[in-house]
């Protein structure tokens with residue numbers, strides 16, 4: 001399913017995933033273009049998050065998983081023997097549904113990733129931390145308490161901190177698994193504004209249960225149902241004139 005002629009940053013061909021005997025993903029073909037927001041929608045248990053976590057090999061951590069088909073990042077097979085998974089997850093970062101700051105200072109949360117990947121002088125680290133927090137629209141709120149525990153932040157701030165933490169290692173792609181589902185409307189709006197800003201520099205892929213959110217912020221939208229990619233296209237087209245009756249039924253609230 002080639003959406004358009006731009007070069008995809010991530011491409012999947014015939015991607016199938018089994019948990020034991022259960023087929024969770026059924027032959028997914030998808031092109032994801034860089035510097036766009038792609039939203040995955042569909043009812044619970046339809047394979048959205050499973051697919052998302054396959055893109056940076058988070059599924060490697062699940063026992064009994066079998067993956068067939070192909071996932072490429074810049075044309076390279078991410079399952080190839082010579083792919084360093086740590087490098088892959090640096091390039092394709094992840095933000096989870098529930099904010100999960102480390103039990104350490106705000107500063108150390110951001111510095112954690114860069115310290116793992118290279119030896120960085122303090123002045124340079126200060127700059128990395130400030131840039132990441134500015135990028136996540138959090139700097140002005142926390143600049144006077146960088147040494148305080150990240151666990152003292154509000155839920156919305158914690159989630160923006162996790163986005164800043166993902167940005168600190170300079171990824172190209174940021175995966176977000178329902179990043180606003182635990183947040184109040186004001187915090188949700190801040191994260192949505194942030195995502196729109198992030199696509200100037202990053203490719204953003206978001207799983208969301210909130211169809212209004214998908215309609216507001218995404219460039220492309222993919223509808224999943226029982227492990228199958230039913231339809232994908234420009235968001236306004238998918239929402240206004242879906243090609244598949246199942247997409248139309250879901251979007252108009254007939255099920256899901």
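The values are calculated or read from the model by the stated rules, or taken from the named source; none is laboratory data. No experiment lies behind these values; they were computed from the predicted model shown. Methodologically, a virtual Cβ is constructed for each residue, glycine included, from the backbone with ideal geometry; neighbour enumeration extends over all protein chains shown.
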Restricting to the range 221-246, name every residue that is more than 19 Å from residue 50 (Cβ to Cβ) and touching a helix residue (DSSP H, G or I) at 6+ places or on another chain (Cβ under 7 Å). 235, 238, 239, 242
Long-range neighbours under 6 Å by Cβ, at least six apart or interchain, first residue in contact (Cβ under 8 Å) with a residue 60 or more places away in the chain within the range 80-103, second part of a loop (DSSP other than H, G, I, E, B) and surrounded by fewer than 18 Cβ atoms within 10 Å (Cβ to Cβ): 91/172; 97/181; 98/182
Can you name the residue in the range 168-190 that is outside any loop (DSSP other than H, G, I, E, B) and modelled with pLDDT of 95 or more and, of all such residues, is farthest from residue 95 (Cα to Cα)? 173
Hey, any hits in the range 127-139 for a residue that's over 25 Å from residue 188 (Cβ atoms) and touching a strand residue (DSSP E or B) at 6+ places or on another chain (Cβ under 7 Å)? no
Do we have residue 26 as assigned to a loop (DSSP other than H, G, I, E, B) and more than 27 Å from residue 112 (Cβ to Cβ) here? no
Would you be able to tell me the number of residues in the range 90-111 that are assigned to a helix (DSSP H, G or I) and modelled with pLDDT of 95 or more? 7
Checklist (1) over 13 Å from the mean Cα position of the chain (by Cα); (2) within 17 Å of residue 177 (Cβ to Cβ); (3) in contact (Cβ under 8 Å) with a residue 12 or more places away in the chain applied to residue 50, failing item: (1)
Here are 232, 195, 176: which of them is crowded, with 18+ Cβ neighbours inside 10 Å, touching a residue at least 12 places away in the same chain (Cβ under 8 Å) and closer than 19 Å to residue 29 by Cα? 232
Being modelled with pLDDT of 95 or more, in contact with a helix residue (DSSP H, G or I) (Cβ under 9 Å, 6 or more places away or on another chain) and over 26 Å from residue 187 (Cβ atoms) is the filter here, so list the residues in the range 43-64 that pass it. 50, 57
Kindly indicate whether residue 68 is in a loop (DSSP other than H, G, I, E, B) and either loosely packed, with under 12 Cβ neighbours inside 10 Å or over 19 Å from the mean Cα position of the chain (by Cα) (or both). no
Subset of the range 191-225 [assigned to a helix (DSSP H, G or I) and within 19 Å of residue 239 (Cβ to Cβ)]: 192, 195, 196, 211, 212, 213, 214, 215, 216, 217
Flag for residue 164 being in a helix (DSSP H, G or I), out of contact with any strand residue (DSSP E or B) (no Cβ under 6 Å at 6 or more places or on another chain) and surrounded by fewer than 18 Cβ atoms within 10 Å (Cβ to Cβ): no
Quick check on the range 142-161: of everything there that is in a helix (DSSP H, G or I) and surrounded by 17 or more Cβ atoms within 10 Å (Cβ to Cβ), which residue is farthest from the chain's Cα centre (by Cα)? 142
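Identify, please: which residue in the range 31-47 is crowded, with 22+ Cβ neighbours inside 10 Å and over 22 Å from residue 192 (Cα atoms) and is, among those, nearest to the chain's Cα centre (by Cα)?
47
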